[in-house]
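Report on the following structure.
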Amino acid sequence: MRAAKSAGASHSNLEPLWSAKSRVWDKVLLAGAALIIVVISVGSFILADIFHVNPGWVFLAGNSIAMIPLFARNFRGQLKRASFLAFLAGWAVVHGLLVLALMLWAPLLYWIPALGLEMFAGYIAARLLFGVAASPKI
């Protein structure tokens, strides 16, 4: 009995050390992810310049691709349906076009309400067309 208590006590003494290592590792992973995103973003614009592609197209593609993690997390159970994937692809293109249009023609003050309205309309459309609700983890 005494040995079990002492083993548990020694394990609890290591918890602050493990949580400190975990926090450091989390920060290292976060910095690494940020560096990867910067390299990919800058690289895509450099390639666009080399191949004479309008930077607007690169930005549109980047914003559309950035929606993938949001879709994957919120609609995980529906990602096997081809019709739903087509809907999500269309929504991603609309999102990219909206962000591009906002950058070109709208003041910054209108961006958040416009993007909020677009997200709300997309979720309502998913609900009405496919009968699915987003994950409660939003």
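Values in this text are rule-based calculations from the coordinates and carry no lab data. Keep in mind that this is a model prediction, so the values were computed, not measured. Note that each Cβ is placed from the backbone with ideal geometry, even for glycine, and that neighbours are counted across all protein chains shown.
Given R₀ = 22 Å, FRET efficiency for Leu128-Ala82 by Cβ-Cβ distance, to 0.05?
Numbers: r = 19 Å, r/R0 = 0.85.
Efficiency, from the Cβ-Cβ distance: 0.75.
Once R0 is set to 22 Å, what does the formula 1/(1 + (r/R0)^6) return for the Cβ-Cβ distance between Ala72 and Val39, expressed as a FRET efficiency to the nearest 0.05?
Working: r = 22 Å, r/R0 = 1.01.
The formula returns an efficiency of 0.50 here.
Among the trypsin sites (Lys or Arg not before Pro) in region 21-97, those located in a DSSP loop and surrounded by at most 11 other Cβ atoms within 10 Å of their own Cβ are Lys80.
Which chymotrypsin sites (Phe, Trp or Tyr not before Pro) does region 33-132 hold that lie in a coil by DSSP with at most 16 other beta carbons within 10 Å? Mind showing how you got there, number by number?
Values: sites: Phe45, Phe51, Trp57, Phe59, Phe71, Phe75, Phe84, Phe87, Trp91, Trp105, Tyr110, Trp111, Phe120, Tyr123, Phe130; in loops: Phe51, Phe75.
Within region 33-132, the qualifying chymotrypsin sites (Phe, Trp or Tyr not before Pro) (loop, at most 16 other Cβ atoms within 10 Å) are Phe51.
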